[in-house]
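The values are calculated or read from the model by the stated rules, or taken from the named source; none is laboratory data. On a predicted model such as this, the values are computed, not experimentally measured, just so you know. Reconstructed Cβ throughout: ideal geometry from the backbone, glycine too, with neighbour counts over all protein chains shown. Surface accessibility is based on the protein's heavy atoms, side chains included, excluding ligands, DNA and RNA. Shrake-Rupley method; radii C 1.70, N 1.55, O 1.52, S 1.80 Å.
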Amino acid sequence: MARRLPRKDVAIVGLGWTGSIMALELARAGLEVVAIERGPWRDTATDFNIGTAPDELRYAVRHDIFLRPRQETLTMRNNSSQAALPIRRWGSFLPGNGVGGAGSHWNGQTWRFLPDDLRIRSHLTERYGAGFLPEGNQIQDWPMSYDELEPFYDKFEYVLGISGKAGNLKGEVQPGGNPFEGVRSREYPTPPMKQGYSQELFTKAASGMGLHPFPRPSANLSTAYTNPYGCSMAPCTYCGFCERFGCSNYSKSSPQTCVLPALVREPNFEARTECEVTKVNLSGDGKMAKSVTYIDANGEEWEQPADLVLLCAYGLFNVRLMLLSGIGKPYDFSSGEGVVGRNYAYQTGSGATAFFENVNFNPFAAAGSLGAALDDYNSDNFDHGPHGFVGGASITNAYTNGRPIMYRPTPRGTPTWGSAWKKAVRDTYQRVTNVGAQGSVMSYRANYLDLDPTYKDQLGRPLMRMTFDFQPNEIKMANWMAERCEEIAKAMGAKTTQLNRLTTPWNVVPYQSTHNTGGAVTGADPKTSAVNRYLQSWDVANVFVMGACTFPQNAGYNPTGTVGALTYWALDAIQNKYLKSPGALVQQ
Amino acid sequence: MQTDDRSLMRAKFAPSTEKPKHAGMSRRSLLATAALLITTSGATAKVVTKVLPWRPNEVYPVTPVVPGGWLFFTADEAAVVDAIVDRLIPADELGPGAKEAGVTTFIDRQLTGPYGGHDWLYMQGPFSSNPLPTQGLQSPLTPRQQYRQGLAALSAYCKANFGGRGFTDLNNEEKEKLLSGMEKGDVKFEGFSSRMLFNAVYANTMEGFFADPIYGGNKDMAGWKLIGFPGVRYDFRDVIDNPNKPYTLPPVSMQGRQAWGER
Ligand SMILES: Cc1cc2nc3c(=O)[nH]c(=O)nc-3n(C[C@H](O)[C@H](O)[C@H](O)COP(=O)(O)OP(=O)(O)OC[C@H]3O[C@@H](n4cnc5c(N)ncnc54)[C@H](O)[C@@H]3O)c2cc1C
Ligand code: SF4
């Protein structure tokens, strides 16, 4: 039996990016806030210590600071006719664990979605007609506009200190920035990072082709910066132990560097770590959350009553907690009804590898978000009419690292071992670069999340089951993008190039991205969305759901800029609407 | 490390019978339970409030591997692994190979740790006998079991097919042909997948040759020197400022480098 604890105003499940921001702002608003986090406390000086941090084997290969599948994993299959099996070892994506969440070991590529991305169904239908949308799609408009989100994108970027160059300031296109981006109210908080030699070649080649390259917006800071919460950061040293690692230099924006130093000083705030929330408990009529149940490090069960429950456990785990707690109607693939688990989407990856001669790219001088990008082929920035697909990709030339256990490129056809392999590894390391396309994934009836009928976690609760595959539209799009990447690679002066098509069917083994979206999407209609425009559950008014699970479909960008903007947007609604008059903020 | 410590280690890597109550927590969290705070209401949790919980080196430092002897392998097994890794990354005019770089010691020590038992992975059944290729790792066998059973199967295969000789007795051409067959899965061992053994040794060889030398492989940073990886210098602003220039400084590992003196 769970023992009951004294009531709190707010219980936050998970203390990563979204949880730490919510906790700080609501504690400052005077509420009693408890954050319950299943992993350990992590700080820069102690846990991302320079004497232990740059360890490729430990962090990048053995996944020391990630969630351990033994504690929780998912099952997966490509379509509903197959039997799902557990993801026994992480591959395609890498969920975080512990204070900071995936925000402590992310790359830091911090994007805004384009205005068209947020009204995508209307936009595509207006431009191409409804018949142009792919078969089986469940593409939906977002229930808020880019203009409504802009102040909150801005706020998130200033908390993180993002390094970049604006491309559109108050409607005026800026040289050196991304001319396709939505209107910004002000310049990025810090100037763009320096770029390497290969980005120089990319920028020159792309400009020569009439494309519009710009430095990728980065949470690896170009200069020292103090954010609005008073947290200070130091310049990035291009150390190359960035994604999958915590930063020893206080240079990567993370909950540790940007939020926690202020948060732990708030007298109304308390964090309980190594405590896993197992359920949100609802009132008899199912309309209100009463409390959350959690299990502490000793295996003891506790019940924490709270007036407001915020799910900040990472998108996938928010969806599982909703399914396990009965928040919202589960999505049923056969009938197409229900909303929790609906519209799961992901990200495509394709591109071209470029081999040069007589160059020193020095791939180890790198950072998680270093790179030059272009958006000419993203979203609907080009005419899709002749191509027969929807969606697009951001195209990038980047080095995130040159760590040799995982980064040892050789030309296709090279032997995998022996002296010939050894020679090829040595000869290739300095002279290869990549032009990559990170593409959108639309939502489809056939891609979804539900509870697995067979496999359980160590507490005996069903794992979540992921049914996902890349659909013909995404395959067509990603492979078309790969050809664009190859054109640029050739223009950069590559001696030889190699086309990297999208790997299909979706395979759980190679790392692709931790950009899992959907499952509890935001929308205007409770029949096709789990949360309203303020990320409030349609069914349980005192539960708000953060994270990329609220995306109706995914765009051709990394998600966290938009996750952060949505968090501040929801926070604004909680502070200015919900706390004044608790209840449903949108009437059904 | 003293010999008696080793026998202790040998006992340690036998699967532990003692289960933490809430498994999946890190080793560190188990240690930390001793320091749990009791809240006013009696809940046991690490409670963080008002002041940062500065606890230096909460993240456990790596214990440097001291080469010499075997903690997991028998001497015969180690000789076979040595012979395999020597073919995968041979010593040649480009420098030392995996054997010289201590990769067998690396693998031996890795097998005694959490990796060797797949301690952090989801290992609950049922285990499918016909997973989809897209579903990744689905075997119930831990790396320790893969090596123990796989090496025994390889040894039996060699005895039966090479006139009673063991793997180490084969000439280089025979070894390489056999390894290629294992890589493709063409070679059929009795009761064990030859490909599974190959994949395990292959992945661990690459890890050992290119991981920080603190783990026992990549001796003298041979792997890093081969490709020109400078290691853990952690500051490459000078490189970014000087595009397309060869990098000439020697690599540095987590324990520094030889030139910094004996440790
Ligand atoms: C290697 C890597 C690279 C990435 N790179 C980028 C990038 O370049 N750009 C980008 O936009 N995004 C990137 N991401 C994604 C980004 O990290 C996430 O989008 C972001 O952290 C999501 O914030 P969140 O608050 O939703 O989840 P998180 O930051 O992961 O926080 C969730 C927290 O909840 C905790 N939790 C989960 N379940 C429970 C439970 N039941 N009880 C208690 N606590 C629980 C977790 O332990 C975790 O601490 C990357 C991710 C990874 C892993
Ligand atoms: S690359 Fe920069 S931001 Fe990333 S870990 Fe290294 S110093 Fe930190």
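At an R0 of 51 angstrom, the distance between the Cβ atoms of residue B:245 and residue A:128 translates into a FRET efficiency of 0.55. Here's the picture: a label point sits 7 Å out from the Cα of residue B:145 along the beta-carbon direction, and within the range B:198-213 the residues with their amide nitrogen under 16 Å of it are B:200. Among the trypsin sites (Lys or Arg not before Pro) in the range B:106-195, those located in a DSSP loop and surrounded by at most 14 other Cβ atoms within 10 Å of their own Cβ are B:165, B:188.
Remark: mean inter-chain Cβ contacts per residue of A:501-512 equal 2, using a 10 Å Cβ-Cβ cutoff to other protein chain atoms. Of all aspartates and glutamates in the structure, those lying under 19 Å Cα to Cα from residue B:219, and not within fewer than 8 positions of it along the same chain, are A:55, A:56, B:82, B:86, B:92, B:93, B:100, B:108, B:207, B:262.
The calculated FRET efficiency for residue A:172 paired with residue A:147, based on their beta-carbon distance and R0 = 25 Å, is about 0.95. Per residue, the average separation of C-alpha pairs within less than 8 Å and at least 6 apart gives the range A:201-262 a relative contact order of 29 percent. Each Lys and Arg contributes +1 and each Asp and Glu -1, all at the Cβ; summed about the Cα centre of chain A, the dipole is approximately 1200 debye. The simple spin-label model puts a point 7 Å past each Cα toward its Cβ; for residue B:161 and residue B:60 those points are separated by 4.1 nm.
Assign one of three labels to the range A:128-220, namely rounded, prolate or oblate, based on the Cα gyration tensor with a ≥ b ≥ c the square roots of its eigenvalues; rounded applies when a/c is under 1.5, prolate when it is not and a/b is larger than b/c, and oblate otherwise. Cα axes put the range A:128-220 in the oblate bin.
Counting, for every residue in B:205-212, the Cβ atoms of other protein chains within 10 Å of its Cβ and taking the mean gives 6. Within the accessible surface of chain A, defined with a 1.4 Å probe on protein heavy atoms only, the carbon and sulfur portion equals 51 percent.
Listed cross-link partners B:175/B:225; A:252/A:490; A:423/B:159; A:165/A:577; A:287/A:527; A:495/B:177 are compared with a 23 Å cut-off, the Cα-Cα value being larger for B:175/B:225; A:252/A:490; A:423/B:159; A:165/A:577; A:495/B:177. Given R0 = 35 Å, the distance between the Cβ atoms of residue A:511 and residue A:285 translates into a calculated FRET efficiency of 0.20.
Taking Cα pairs under 8 Å and at least six residues apart, what relative contact order does chain A come out at, in percent? Dividing the mean separation by the residue count of chain A yields 22 percent. For the range A:90-123, the residues whose backbone nitrogen is under 19 Å from a point 7 Å from the Cα of residue A:586, taken along Cα to Cβ, are A:113-123. The Cα center of the range A:533-588 and the Cα center of the range A:176-220 differ in position by 30 Å.
When the chain is fully extended, how far beyond the present Cα-Cα distance does residue A:456 get from residue A:499, taking 0.36 nm per residue of separation? Value of the extension gain: 11.4 nm.
So, in nm, how far is label residue A:223 from label residue A:445 when the simple model puts each one 7 Å beyond its Cα toward the Cβ? A separation of 5.5 nm, rounded to one decimal place.
Per residue, the accessible area of the range B:171-241 comes to 40 Å², computed with a 1.4 Å probe over protein heavy atoms only. When a/c reaches 1.5 or more, the comparison of a/b and b/c decides; with that in mind, is the range B:105-254 rounded, prolate or oblate per its Cα gyration tensor? Since a/c reaches 1.5 and a/b is larger than b/c, the shape of the range B:105-254 is classed as prolate. In this assembly, the A-B interface accounts for approximately 8800 Å² of buried accessible surface in total, computed with a 1.4 Å probe and without ligands, DNA or RNA. Does the range A:35-123 come out rounded, prolate or oblate by the C-alpha gyration tensor, with a ≥ b ≥ c the root eigenvalues, rounded set by a/c under 1.5 and, if not, prolate when a/b is larger than b/c and oblate if not? Taking the square roots of the gyration eigenvalues as a ≥ b ≥ c, the range A:35-123 is oblate.
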